[in-house]
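The values are calculated or read from the model by the stated rules, or taken from the named source; none is laboratory data. This one's a predicted model, so the numbers in the text were calculated from it and none came from an experiment. When we count neighbours, we look across all protein chains shown, and the Cβ atoms used for this are built from the backbone with ideal geometry, even at glycine. Remember, those area values only see protein heavy atoms, side chains included, never the ligands or the DNA or RNA. Shrake-Rupley method; radii C 1.70, N 1.55, O 1.52, S 1.80 Å.
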Amino acid sequence: MSKALFKSTSVVAAMTLISRILGFVRDIAAANIFGATAAVDAFYIAFKIPNFMRSLFAEGSFSAAFIPTLAEYKQLRSTQEVQRFVAHITGVLGLILLLISIVGVLGSPWVVTLFAPGLDPYRFQLASEMLKITFPYLLLISLTALVGAILNCYGLFWVPAFTPALLNLCLIMTAFGITRYFRVPVEAQALGVLLAGFMQLGFQLPFLKQLGLLQKPRFKWHDPGVQKILTLMLPALFGSSIGQISLLLNTVFASFLVTGSITWLYYSDRLAYFPLGVFGVALMTVILPHLSRQYAAKTPQAFSSTVNWGLRCNLLIGIPASLTMLILSGPLIISLFHYGKFTLHDVLMTQRSVITYSIGLQAFMLIKVLSAAFYAQQDIRTPVRIGVITLVINMVFNVLLIIPLKHAGLALASSLSAWLNVVLLLQALKTRGIFQWQSGWFLFTVRLWFASMALSLFLYWAAASLPIWLQWHWQQRFLHLLWLGCTAILLYVSGLWISGLRFRDLKATP
């Protein structure tokens with residue numbers, strides 16, 4: 001089982017890596033062409049709003065409710081019943097999202113006021129105009145997530161994992177191709193977002209047809225499977241997206257800060273959550289259907305073993321990623337973004353929030369696995385209860401930290417509340433008997449600590465000072481980053497091997 005999980009996770013991570021690399025190309029182009037101006041702040045608000053709602057309706061609550069239910073149908077029902085279920089849920093979800101999209105477009109000024117109340121008139125007007133273009137992306141990307149969830153349940157992991165790359169390609173093309181036709185150049189990006197929604201959905205549909213599950217949507221509200229999903233979704237709308245809600249709160253608070261704060265937080269989020277997007281999400285994508293099948297098959301020992309496996313793999317990637325992001329925050333930002341209109345001041349401001357985000361990176365990755373253990377058993381209430389607690393704490397931290405640390409304090413508040421979320425989720429799993437620690441954790445922790453310390457010492461020693469990075473041309477910057485990255489990976493893996501870690505130590509019990 002471990003080899004199958006590793007293979008699936010590697011496939012998803014590889015496809016996601018392609019998308020994330022294109023995402024960095026997109027961000028480099030945007031930083032160079034648009035900088036960190038008031039208009040860019042407005043675009044990122046117009047982009048974040050449908051993305052946030054997507055995380056609630058699609059990647060968050062819907063996936064948490066839909067994947068275990070579909071796994072149950074696939075395990076216990078006929079092909080015809082699965083086809084009807086897919087047709088009904090597509091019809092119901094599609095109509096709900098269509099109505100929400102219409103309301104969002106017509107009421108864009110009120111939506112912007114709700115999500116970013118501190119904007120000045122110029123940014124407010126621009127954000128409202130661009131939101132009319134970007135809001136329909138919610139409908140398209142949510143249907144894309146529905147199709148992707150089906151493909152994941154049937155083992156076609158690479159297709160949904162590659163799909164986000166199309167968004168990055170669209171934004172790169174619009175940034176270079178059509179900005180000159182717009183009064184405010186960054187408005188071209190809003191059109192790129194909408195175009196990407198059509199391309200992402202269209203890319204996945206042929207694969208759904210190959211499975212025989214490309215069904216004509218039918219609105220059947222009272223279908224038992226649909227009702228079950230809607231019942232599970234209502235609490236999950238909040239609980240499964242606590243991380244996104246924290247980021248949204250950061251945008252709300254940042255709208256009251258100086259111009260550029262929203263953009264600095266956006267680039268910090270993109271950089272600090274790169275490992276989360278590549279590996280954390282990939283691991284949850286693979287592990288949730290697997291845990292759902294184990295729960296349906298009533299094999300609690302295998303279920304607990306899979307959670308242990310997920311946590312260990314998570315830590316193996318998350319700890320060195322967090323340390324690397326913390327130590328190399330400045331060089332990474334300079335190498336990726338310090339071109340064109342992205343000034344040295346923007347670099348230093350972005351670095352502050354990258355550092356505070358990196359403190360919580362491992363926590364956000366762990367939440368993915370821990371939440372999956374609850375969702376697989378169709379227990380949404382526990383993550384919701386914990387989500388409410390951590391969200392309240394996050395708001396308290398925001399108020400306490402925004403004055404001394406400005407936008408970096410908002411990032412630190414998200415990191416601290418994420419660690420609280422991890423502790424409470426683990427405690428709940430242990431208390432309910434869902435999860436038991438397997439043997440070998442102490443030795444695993446010692447080996448991980450040894451390799452991570454070797455990695456950190458090397459990076460501290462080998463990374464040049466910021467003035468040197470600022471003097472280098474982009475070729476020198478990227479070559480030095482490449483050398484640092486390759487050497488650090490080799491040193492980290494060697495440290496794990498020297499300390500005695502082997503593949504068999506990560507095996508999950510079948």
**Fill in**
Expected single match for touching a residue at least 40 places away in the same chain (Cβ under 8 Å) and within 30 Å of Thr263 (Cα to Cα) among Gly197, Gly225 is Gly197
**Residues of the stretch 111-132 satisfying the condition of being closer than 22 Å to Val184 by Cα and either open to solvent by 70 Å² or more (accessible area, probe 1.4 Å) or polar (S, T, N, Q) (or both)** = Thr113, Pro121, Tyr122, Gln125, Ser128, Lys132
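Table: residues versus (1) open to solvent by less than 10 Å² (accessible area, probe 1.4 Å); (2) on the phi > 0 side of the Ramachandran plot; (3) within 20 Å of the chain's Cα centre (by Cα).
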{"site": "Thr134", "(1), (2), (3)": "yes, no, yes"}
{"site": "Leu138", "(1), (2), (3)": "yes, no, yes"}
{"site": "Ile150", "(1), (2), (3)": "yes, no, yes"}
{"site": "Trp158", "(1), (2), (3)": "no, no, yes"}
{"site": "Pro185", "(1), (2), (3)": "no, no, no"}
{"site": "Ala188", "(1), (2), (3)": "yes, no, no"}
{"site": "Leu191", "(1), (2), (3)": "no, no, no"}
{"site": "Gly212", "(1), (2), (3)": "no, yes, no"}
**Request:** Give the stretch 459-479 a look and list any residue that's open to solvent by less than 60 Å² (accessible area, probe 1.4 Å), within 28 Å of the chain's Cα centre (by Cα) and not aliphatic (A, V, I, L, M), or say none.
**Result:** Arg477
**Asked** Scanning for something in contact (Cβ under 8 Å) with a residue 12 or more places away in the chain, in a helix (DSSP H, G or I) and over 28 Å from Val307 (Cα atoms), does the stretch 381-395 turn up at least one residue?
**Response** yes
**Request:** Any residue in the stretch 248-271 that's at positive phi and modelled with pLDDT of 80 or more: show its pairings with residues that are open to solvent by 40 Å² or more (accessible area, probe 1.4 Å) and not in a helix (DSSP H, G or I) at Cβ separation under 9 Å, as long as the two are six or more apart or on different chains.
**Result:** Gly260/Thr37
**Message:** Given the condition open to solvent by less than 70 Å² (accessible area, probe 1.4 Å), among the hydrophobic types (A, V, I, L, M, F, W, C) and closer than 25 Å to Leu291 by Cβ, answer yes or no: does some residue in the stretch 448-458 qualify?
**Reply:** yes
**Message:** Out of the residues in the stretch 45-62 meeting the condition of being open to solvent by less than 10 Å² (accessible area, probe 1.4 Å) and not hydrophobic (A, V, I, L, M, F, W, C), tell me which one is modelled with the highest pLDDT.
**Reply:** Pro50
**Message:** Is it the case, given these coordinates, that Ala116 is closer than 19 Å to Val252 by Cα and among the aliphatic types (A, V, I, L, M)?
**Reply:** yes
**Asked** Would it be correct to say that Thr445 is over 22 Å from the mean Cα position of the chain (by Cα) and in a helix (DSSP H, G or I)?
**Response** yes
**Message:** One residue is enough: does the stretch 222-232 have a residue meeting the conditions within 24 Å of Gly23 (Cβ to Cβ), acidic (Asp, Glu) and at pLDDT 75 or above?
**Reply:** no
**Fill in**
Note on the stretch 256-309: residues assigned to a loop (DSSP other than H, G, I, E, B) and open to solvent by 10 Å² or more (accessible area, probe 1.4 Å) are Phe256, Leu257, Val258, Thr259, Tyr273, Ala297, Lys298, Thr299
**Request:** State whether the residues of the stretch 428-437 include one that is of a type in the set (S, T, N, Q) and touching a Gly at 6+ places or on another chain (Cβ under 6 Å).
**Result:** no
**Message:** Can you tell me how many residues within the stretch 423-433 are open to solvent by 30 Å² or more (accessible area, probe 1.4 Å), modelled with pLDDT under 90 and within 27 Å of the chain's Cα centre (by Cα)?
**Reply:** 1
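Evaluate the stretch 376-399: report whether one residue or more is hydroxyl-bearing (Ser, Thr, Tyr), at pLDDT 90 or above and closer than 30 Å to Thr263 by Cβ.
No, the stretch 376-399 contains no residue that is hydroxyl-bearing (Ser, Thr, Tyr), at pLDDT 90 or above and closer than 30 Å to Thr263 by Cβ.
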**Request:** Evaluate the stretch 377-393: report whether one residue or more is in contact with a Ser or Thr (Cβ under 7 Å, 6 or more places away or on another chain) and under 22 Å from Arg26 (Cα atoms).
**Result:** no
**Asked** Within the stretch 312-348, which residues are within 23 Å of Arg432 (Cβ to Cβ) and open to solvent by 10 Å² or more (accessible area, probe 1.4 Å)?
**Response** Arg312, Leu315
**Prompt:** Restricting to the stretch 343-395, what's the tally of residues that are more than 18 Å from Phe274 (Cα to Cα) and of a type in the set (Gly, Ala, Ser)?
**Reply:** 5
